[in-house]
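The values are calculated or read from the model by the stated rules, or taken from the named source; none is laboratory data. Everything numeric in this text was worked out from a predicted model, so none of it was measured. Positions of Cβ are generated from backbone atoms using ideal geometry, with glycine treated the same way; all protein chains shown enter the neighbour counts. Heads up: the accessible areas ignore ligands, DNA and RNA and are worked out on the full protein's heavy atoms, side chains in. Shrake-Rupley method; radii C 1.70, N 1.55, O 1.52, S 1.80 Å.
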Amino acid sequence: MGSIPNPGELTEVTRPSFDEFQRQTSLMTSCTLLWKELSDHFTSLEQNLQKKSEALKHKVQALDHETKATLASLKKREVTIDGSVEIALERVEEHKEAAFKSLENPDCDHPDGEVDDGDALLLLLKSFCLKMHSRDFWKLVITKKKELDVLRSQIPLALSECVDPARFVLEAISEVFPVDKRGERTEKGNDLGWACVLILESLIPVTVDPVIGKSRLLVTPRIKEKAKEIAETWKRSLEERGGIENVKTPDVHTFLQHLVTFGIVKKEDVDLYRKLVVGSAWRKQMPKLAVSLGLGDKMPDMIEELISRGQQLDAVHFTYEVGLVDKFPPVPLLKAFLKDARKAAASILEDPDTGRAAHLAARKEQSALRAVIKCIEEYKLEAEFPPENLRKRLDQLEKTKTEKKRPAAVPANKRTRASNGGPMPPAKAGRSTNAYVSSFPTPPTFVRSPSHTQYPTGIPAYPSPPAVYGSRSPQSPYAYSPEAAAPITGSYPGAPLNYPLYGGYGNGFAPAYQQAYYL
């Protein structure tokens with residue numbers, strides 16, 4: 001048997017190792033760090049779950065609110081149908097009776113001499129609408145393009161006299177929309193899209209529900225189906241026109257306004273609408289039409305596309321329409337637009353025809369300056385982009401243009417032709433073609449204009465005269481180009497022929513436009 005140690009006896013205690021202490025300390029540190037990492041991870045998960053829960057809660061609340069609002073709107077629409085229909089029927093009966101009276105007494109609607117032009121036009125428009133004479137209405141409208149503001153205020157009043165305004169409008173514009181049915185057309189009279197858009201815009205306030213407003217249009221189902229058929233016909237005609245890239249902007253504007261006016265926008269055609277709007281973005285009404293077509297969520301991409309295509313000015317109008325000014329600041333866009341315009345003007349000046357190129361370059365720059373100044377004034381950007389330097393540059397270009405057009409002074413001893421500023425022949429001058437005309441003593445053989453290729457017998461062909469002489473022939477009203485001319489032999493008795501330089505062009509070249517500082 002082993003001996004049992006005595007409790008009172010001192011035994012030897014093993015001393016702790018320092019390495020073991022370090023190992024245990026390192027293990028505790030690792031455990032602490034791991035615990036903190038796991039704690040932070042679970043805290044982050046909890047916070048994310050809380051945020052998602054709150055977001056889902058807000059979405060559910062928003063959906064509930066939207067559902068309640070939609071149900072209330074539907075209920076209101078259902079309740080107000082009878083009242084709206086009753087009001088519409090009363091109007092139809094009133095217009096029907098008025099139309100019968102007008103047909104019985106056709107002279108009562110024609111304005112007399114005591115009525116001013118504006119009232120006379122309104123009475124005539126109302127007469128056509130009351131009798132549903134859509135063709136006569138159309139013919140009158142297209143002849144009054146210069147009175148566009150008057151028409152914009154009076155056509156809605158006239159359309160309200162129609163028994164069926166929506167059908168009347170479709171019949172009125174049917175000559176040119178969806179397909180142009182005119183036979184012989186001139187280039188000047190081709191564009192009647194302005195009239196179509198004007199009439200379609202004027203129909204909207206007429207068809208608005210009198211009880212619940214713009215949320216419902218009083219258009220019969222049959223007319224709405226007819227409007228859809230017209231829209232489909234126009235879309236099919238795009239292939240005949242060469243696709244979206246070749247369709248004319250007035251036609252695009254009419255089509256889009258037709259969709260908005262009759263409320264027949266299709267979600268599946270949103271991509272088509274987007275392409276059409278971007279292709280005709282320079283039209284003033286396009287930003288509002290884009291929103292009405294349901295393109296609000298696509299606006300950022302559309303604005304970026306316009307900027308990439310060099311249409312910064314159009315992009316500014318779109319940004320203000322949808323409230324994206326913070327994302328697309330207007331001032332840098334306007335400055336970039338001016339910079340591109342100056343580059344385009346400089347490239348035009350490289351044309352060999354220096355005079356024509358200078359004129360086109362000046363027009364390009366003037367157009368850009370006017371557009372930017374108007375945009376600055378419209379959106380109150382004077383503090384961010386002062387337009388004073390732009391106006392100075394515009395005045396400089398206008399002044400240069402005026403000086404170029406200023407006619408040369410004619411000596412006082414010459415009779416001046418009123419039509420073109422050239423010298424008049426003496427009272428008993430000969431009538432022979434190409435005869436030399438002057439108020440000096442009768443000169444001998446003279447130098448002819450280079451535009452004449454045939455010379456009378458006995459007159460030798462002379463080389464080109466010096467650049468100081470101006471061409472007096474109707475075929476070439478400009479000064480000679482500075483070509484080297486051979487010396488002219490022979491002498492002229494009497495006074496020398498010192499013609500003034502035509503239009504201030506001594507050398508045949510227009511002055512170059514100096515660059516302006518806009519930024």
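Averaging 1/r across all pairs of distinct Cα atoms in the range 329-403 and inverting the result yields a Kirkwood radius of 13.0 Å. Taking the Cα centre of the range 126-284 as reference, the dipole from Cβ charges on Lys and Arg (+1) and Asp and Glu (-1) amounts to some 240 debye. Using the 1.4 Å probe convention, the accessible area of the range 329-403 works out to 55 Å² per residue with neighbouring protein chains retained. For the range 235-249, 3J(HN,Hα) computed residue by residue from phi via the Karplus equation (6.51, -1.76, 1.60; θ = phi - 60°) reads 5, 5, 6, 4, 5, 5, 7, x, x, 4, 5, 9, 6, 7, 4 Hz, glycine and proline entered as x. Looking at the range 295-357, the trypsin sites (Lys or Arg not before Pro) that sit in a DSSP loop and have at most 15 other Cβ atoms within 10 Å of their own Cβ are Arg309, Lys327. Here the range 131-181 and the range 312-366 have alpha carbon centers that stand 37 Å from each other. Only protein atoms count toward the accessible area here, which uses a 1.4 Å probe; on the range 329-403, the carbon and sulfur part of that area reaches 51 percent. Between Arg216 and Asp209, the built amide H atoms are under 5 Å apart, and every one of these is 5 or more places off in sequence or on another chain. Packing around the peptides 359-370, 70-81, taken as the average count of other Cβ atoms within 10 Å per residue, puts them in this order, highest first: 359-370, 70-81. Charged side chains reduced to their Cβ positions (Lys and Arg at +1, Asp and Glu at -1) give the range 329-403 a dipole of some 20 debye around its Cα centre. For the range 265-351, the equivalent ellipsoid derived from the alpha-carbon gyration tensor has semi-axes of 27, 15, 9 Å in decreasing order.
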